[in-house]
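Please read the structure below before turning to the comments.
The values are calculated or read from the model by the stated rules, or taken from the named source; none is laboratory data. Being a predicted model, the structure only gives us computed values, none of them experimental. A quick note on method: Cβ atoms are made from the backbone with ideal geometry, for glycine too, and the neighbour counts reach across all protein chains shown. Quick note on the areas: whole protein, heavy atoms, side chains included, nothing else; ligands and nucleic acids left out. Shrake-Rupley method; radii C 1.70, N 1.55, O 1.52, S 1.80 Å.
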Amino acid sequence: MAKTGTTTQGLRAAIERSGYYPALVAEAVESAVGGEPVSSYVVHQETTFDSNEVRRHVTVLVLTDTRFIVSHTDEQPADGTSPSPYATTSTESVKLERISSVVLSRVVANPESYTPGTLPREVVLTIGWGAVSRLDMEPANCGDPNCEADHGYTGSLTADDLSLRVSEAGDGPDTVRQALAFAQALSEATAATAGAR
C-alpha cells in the first residue's frame, strides 16, 4: 500500500497537483493545521454536473497527532449575490477523541477470486463525530399482511458527518490507495486516543 504524505510540504504539493484553486485551498488548510505536524492526508477533487453547469469541488482530509481536519471548497457561478463567480471554503477541526466512527466500505470485482492486497474498485470513507446525524424512519408493522393497526414508527439514527467516495476509474489508483491509508491511520489514531482515556 502506498504511504500517505507525512509532511506539510507533501500536503501542499498534493493540493497543487489537484489544480483546484490551490492557493485558496492551501491557505485554508494550512491555517487550520497551524503548527502541528501532518500524519496523513487525502486530497479529493470531484467534478459534478448540475443542470447545464459543470461544478467542481475539493475535499481535503488531514490527520495530526491531536485532530482530524476537513476542508471543503466549492465554486459557485455568478448570481444575485455576486456579479462574478466565487468560491466558498470551509474548514472544521475535530479533536480525535470526538471521532465516534470510521467506516470504510470497499467495492471489489470478482470477490470469489479476490487476492489479499488487491486494490478495491472503489472505497467509501464515512467519518462520524456527532455534528450531523441522519434519522431514517418508516412505519412499523407486525408482519401480518392483513393487520391494519397503527404500530407507530421504527427507524435508525446514523452518524453521517462526512462521506467521501473515491474510485479507481474516476480518481485513479493512487487516490484509492491514499484513502485506504488515511482510513487506517485515522482508525489507529482514534483507537489510541480511546485507549488513553
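Here is how the numbers come out for the structure above:
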| quantity | calculated |
| --- | --- |
| Residue check, Leu164 surrounded by 13 or more Cβ atoms within 10 Å (Cβ to Cβ), closer than 28 Å to Ser31 by Cα and modelled with pLDDT of 95 or more | no |
| Qualifying residue in segment 43-65 (condition: farther than 25 Å from Pro173 by Cβ and hydrophobic (A, V, I, L, M, F, W, C)) | no |
| Criterion: on the phi < 0 side of the Ramachandran plot, within 18 Å of the chain's Cα centre (by Cα) and either modelled with pLDDT of 95 or more or not aliphatic (A, V, I, L, M) (or both) - qualifying residue of Val107, Val103 | Val107 |
| Hits in segment 18-45 (condition: over 27 Å from Ala189 (Cα atoms), without any contact (Cβ under 8 Å) to a residue 40 or more places away in the chain and open to solvent by 60 Å² or more (accessible area, probe 1.4 Å)) | Ala23 |
| Filtered residues of segment 73-91 (kept if without any contact (Cβ under 8 Å) to a residue 12 or more places away in the chain and over 17 Å from Glu27 (Cα atoms)) | Ala78, Asp79, Gly80, Thr81, Ser82, Pro83, Ser84, Pro85 |
| Pair list, Cβ < 7 Å and 6+ apart or interchain, from segment 50-72 residues that are closer than 20 Å to Pro37 by Cα and open to solvent by 70 Å² or more (accessible area, probe 1.4 Å) to residues that are modelled with pLDDT under 95 and among the aromatic types (Phe, Trp, Tyr) | none |
| Segment 20-64: number of residues that are modelled with pLDDT of 90 or more and at positive phi | 2 |
